[in-house]
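The values are calculated or read from the model by the stated rules, or taken from the named source; none is laboratory data. Keep in mind that what you see is a predicted model, and the values were worked out from it rather than measured. Note: ideal-geometry Cβ built from the backbone for every residue, glycine included; neighbour counts use all protein chains shown.
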Amino acid sequence: MPVTHTYNEEHYCKSKRERRNHRMKVGFIGTGSMGGLLIDAFLSSGGLLAGDVIASNRSPQKLARLAQLHPGITLAESNGETASRSDILFLCVKPMEFKTLTDEIAHCLRSEQIVVSITSPVQIYHLESVLPSKIAKIIPSITHSVYSGTSLCVLGSRLEADDRTQLLKLMSHIGTPVEIYEHHTRISSDFSSCGPAFLSYFIERWIEAAVEATGIDHTLAGKLAGEMLLGTGKLLTEGEFTPQQLQDRVAVPGGITAEALNHLRCSLDGVFERLIATTHKKYDEDVAKLDSLFGRDGITRRK
Ligand SMILES: NC(=O)C1=CN([C@@H]2O[C@H](COP(=O)(O)OP(=O)(O)OC[C@H]3O[C@@H](n4cnc5c(N)ncnc54)[C@H](OP(=O)(O)O)[C@@H]3O)[C@@H](O)[C@H]2O)C=CC1
Ligand SMILES: O=C(O)[C@@H]1CCC=N1
């Protein structure tokens, strides 16, 4: 694909030696909820220095707030500038905003750069069909704001071993990167990035019922629930318990937990099957809309 460099081309197309010595620049287009969170987390974890970051956003107010929070980051004049100056470029806009954005920045990108989509329905084949760069999809999680949780990594066909190492190393500053098959993006993301919302809903309903039934203080119930979730997470990861083993350890035969688990088994029958059907239906609809936006001609959909 022919590539035209519009932004100060000579300055940024460095010789190989210069490139080896220069610090990696990481760009973010879209500094809303998730783009902003990623910048915050990379900077506060020490994964990136302020001077490594360049960002642009559609509305300038969010960028101004970001600059106040993180003096030293570069605010680009345009998405094209962010694109052309980044070694790794995170696209942090919503799915249906991708096509407009890729149309805008395609001519500013080069083959050695890595472009990362953080949204699940945008497929590697969508981006590889319109951008000259190496493409990855990395689905982050709100849990990265406390340097926790998994980031789901799908690596496109143009990435080389060094690129993979570089991306996984970067993501490991704010969470645990895990490589997945692209066809498992939705189900994996249900756990890692939607999961905090799903579990919070479960906890919220439980707390409300507890307050209503017993008069326990709402804040106290929230603290008990949060600490319990944290401990359960540790037992399932560091503690090497499986969910089944945890239930067996807590539910002594004939005890209260065993009785309550029997109740949950009946009450939750079919809930998770319907939850998965819901997320996958929405995902399939979004992929179909993106197929139409990006144009299916010449695109081979990989399963
Ligand atoms: N929230 C989460 O926990 C997770 C979200 N994601 C994914 O992240 C993506 C972004 O979500 P989120 O951050 O919540 O959404 P937001 O709406 O908060 O952020 C999107 C940002 O993109 C900006 N934007 C849109 N179009 C352009 C453009 N052409 N050029 C520059 N900036 C643009 C918007 O600017 P403006 O200020 O004008 O609105 C906005 O700031 C979604 O696809 C979501 O699925 C992935 C994992 C977890
Ligand atoms: O694109 C996604 O799947 C993510 C998960 C949470 C919100 N958006």
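Scanning the stretch 32-62 for residues that are over 20 Å from residue 177 (Cβ atoms) and away from ligand 2 (no atom under 16 Å from the Cβ) yields a total of 12. Of the set (1) out of contact with any Ser or Thr (no Cβ under 9 Å at 6 or more places or on another chain); (2) surrounded by 10 or more Cβ atoms within 10 Å (Cβ to Cβ); (3) of a type outside the set (A, V, I, L, M, F, W, C), all apply to residue 186 but (1).
Determine, yes or no, whether residue 230 is out of contact with any Phe, Trp or Tyr (no Cβ under 8 Å at 6 or more places or on another chain), part of a helix (DSSP H, G or I) and in the same structural domain as residue 121 (by TED's automatic domain parsing). No; evaluated as a whole, the condition is false for this residue. Scanning the stretch 223-243 for residues that are surrounded by fewer than 14 Cβ atoms within 10 Å (Cβ to Cβ), among the β-branched types (Val, Ile, Thr) and under 24 Å from the mean Cα position of the chain (by Cα) yields one hit, 237.
Among 268, 261, which is modelled with pLDDT of 95 or more and over 23 Å from residue 187 (Cα atoms)? Show your work before the answer.
Values: 268 fails: over 23 Å from residue 187 (Cα atoms).
Result of the check over 268, 261: 261.
Of all the residues in the stretch 245-267, those that are under 18 Å from residue 228 (Cβ atoms) and of a type in the set (S, T, N, Q) number 3. Identify all residues within the stretch 179-226 that are away from ligand 1 (no atom under 16 Å from the Cβ), part of a helix (DSSP H, G or I) and among the hydrophobic types (A, V, I, L, M, F, W, C); write none if there are none. Within the stretch 179-226, 202, 203, 206, 207, 209, 210, 211, 213, 220, 221, 224, 225 meet the criteria. Consider the stretch 50-69 and keep the residues that are within 9 Å of ligand 1 (Cβ to nearest atom) and in contact with a strand residue (DSSP E or B) (Cβ under 7 Å, 6 or more places away or on another chain). The one that is farthest from residue 170 (Cα to Cα) is 63. Can residue 248 be described as surrounded by 10 or more Cβ atoms within 10 Å (Cβ to Cβ) and under 29 Å from residue 153 (Cα atoms)? Against the criterion (surrounded by 10 or more Cβ atoms within 10 Å (Cβ to Cβ) and under 29 Å from residue 153 (Cα atoms)), residue 248 does not qualify.
Screening the candidates 168, 155, 101, 109 for the property of being away from ligand 2 (no atom under 16 Å from the Cβ), of a type outside the set (Lys, Arg) and surrounded by fewer than 21 Cβ atoms within 10 Å (Cβ to Cβ) yields one hit, 168. So is residue 137 surrounded by fewer than 17 Cβ atoms within 10 Å (Cβ to Cβ) and among the basic types (Lys, Arg) or not? Taking the combined requirement at face value, the residue does not satisfy it. If you check residue 134 against the conditions, is it of a type in the set (Lys, Arg), farther than 16 Å from residue 175 by Cβ and within 14 Å of ligand 1 (Cβ to nearest atom)? When the stated conditions are applied, residue 134 does not pass them. Taking the condition assigned to a helix (DSSP H, G or I) and touching a residue at least 12 places away in the same chain (Cβ under 8 Å), does residue 170 pass? Here the answer is yes, as residue 170 does meet what is asked.
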